[in-house]
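Structure, as structure tokens:
The values are calculated or read from the model by the stated rules, or taken from the named source; none is laboratory data. In this text the structure is predicted, and so the values were computed from the model without any measurement. Because the Cβ atoms are built from the backbone with ideal geometry, glycine has one as well, and the counts that use them run over all protein chains shown.
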Amino acid sequence: MTGQAAKYVGRLKDKVVLIVGGTSGIGYAVAEAALEHNAIVIVAGSNSVKLENAVTRLKSSYPSQSSGSRLSGITIDLADIENLETNVQSVLQFAANGAKINHVVITAADMMPPPPSLAEITVHSLERTSRIRYTAPLIFAKHLPKFMDQVSENSVTLTSGAHGHKPDPGWSAMIGYLGAVETMMKGLAVDLKPLRVNVVSPGAVITEVVREMLDEHYDMAIEMAKEKSLVGSAGTPESVAQAYLYLMKDQFVTGTVLETNGGLLAWQLQGLAIRWAYP
Ligand SMILES: NC(=O)c1ccc[n+]([C@@H]2O[C@H](COP(=O)([O-])OP(=O)(O)OC[C@H]3O[C@@H](n4cnc5c(N)ncnc54)[C@H](OP(=O)(O)O)[C@@H]3O)[C@@H](O)[C@H]2O)c1
């Protein structure tokens, strides 16, 4: 490497990366990974205590990479539809900090409470999920051009989920949004070109909220995830974060869904799927 620029590992150096949903789980791992790549990182979430906690933990894990203004956080509630346009512009302005943003990652989602079954859905619950998972990314996309140069070096990465392609019983209410995000992404890749827009579609990933959601079914669910996986394990946030990093770095990838699910879509035992929904 002597005398040669770090053209692979250095690709995110000093790039401004905004992670909406970066205060826990997969988004938090993306924040860690971006700091390891010497990016300037901004994390956003709705809960101010959780945000402060995430920034503190990141600073303690990456003291030199997060020094000065290289790491910051800002709150936004994507469910606050009345103020969404104003709040999204405030977040983008904060992240740009007088310059421009290079990469936006959106992992934010209302993971708790778990999605209601078909019999339990209400118009209100559907509408709230729609705001966070569908409307908010579109409103970000609307305002991005003021804060990001539309060049292929820059990117937007949204998040869907493998359940959108292989639903377990009880997922009707949720999976439409996962498919909608993937379809929306293709439209955005066209509308924002040559800025790149992609989606990461994770399988089962053991994040804090998933542990909380599974509660006493955790051990059984992990066993099932292992059996449904070609790699013999559930995913980790650290593994899935690599997908987001790749999509930021490859200037030739756009309009794509990147699946990271341990081979779930190639290997699904239907009997196990029924056990997951009715433990
Ligand atoms: N974990 C999995 O097994 C899995 C599988 C497939 C797909 N996914 C997808 O991956 C993404 C991340 O999942 P995860 O497990 O990492 O979840 P997570 O840990 O709960 O992370 C969700 C993030 O979104 C933020 N958020 C939630 N509601 C928000 C709101 N109203 N406004 C702004 N931010 C909000 C949360 O912060 P606050 O709580 O502070 O708002 C948090 O930072 C989700 O889109 C999920 O559907 C996950």
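Summary of computed values
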item: Of all residues making up region 33-45, the number that are within 16 Å of the ligand (Cβ to nearest atom) and either surrounded by fewer than 18 Cβ atoms within 10 Å (Cβ to Cβ) or part of a strand (DSSP E or B) (or both); result: 5
item: Conditions (1) under 16 Å from the mean Cα position of the chain (by Cα); (2) closer than 23 Å to HIS37 by Cα; (3) loosely packed, with under 12 Cβ neighbours inside 10 Å; number of the one not met by SER67; result: (1)
item: Residue check for THR157: in contact with a Leu (Cβ under 7 Å, 6 or more places away or on another chain), within 22 Å of ARG196 (Cβ to Cβ) and touching a residue at least 60 places away in the same chain (Cβ under 8 Å); result: yes
item: Selection status of SER66, part of a loop (DSSP other than H, G, I, E, B), within 21 Å of SER24 (Cα to Cα), at pLDDT 95 or above and away from the ligand (no atom under 16 Å from the Cβ); result: yes
item: Residues of region 181-225 classified as buried (at least 18 other Cβ atoms within 10 Å of the Cβ), more than 12 Å from the ligand (Cβ to nearest atom) and hydroxyl-bearing (Ser, Thr, Tyr), total; result: 0
item: Failed item in (1) in contact with a strand residue (DSSP E or B) (Cβ under 7 Å, 6 or more places away or on another chain); (2) free of Cβ contacts under 8 Å to residues at least 60 places away in the same chain; (3) outside any strand (DSSP E or B), with MET185 passing the rest; result: (2)
item: Residues of region 160-177 classified as within 11 Å of the ligand (Cβ to nearest atom), assigned to a helix (DSSP H, G or I) and in contact (Cβ under 8 Å) with a residue 40 or more places away in the chain, total; result: 3
item: Cβ pairs under 7 Å, 6+ apart, first in region 28-39 and farther than 12 Å from VAL104 by Cα, second surrounded by fewer than 21 Cβ atoms within 10 Å (Cβ to Cβ) and of a type in the set (Asp, Glu); result: ALA29/GLU238; ASN38/ASP14
item: Residue check for VAL151: touching a residue at least 12 places away in the same chain (Cβ under 8 Å) and part of a loop (DSSP other than H, G, I, E, B); result: yes
item: Which listed residue, of VAL105, VAL55, is closer than 27 Å to ARG11 by Cα and buried (at least 22 other Cβ atoms within 10 Å of the Cβ); result: VAL105
item: Odd one out for VAL105, checked against (1) in a strand (DSSP E or B); (2) more than 24 Å from ARG196 (Cβ to Cβ); (3) not polar (S, T, N, Q); result: (2)
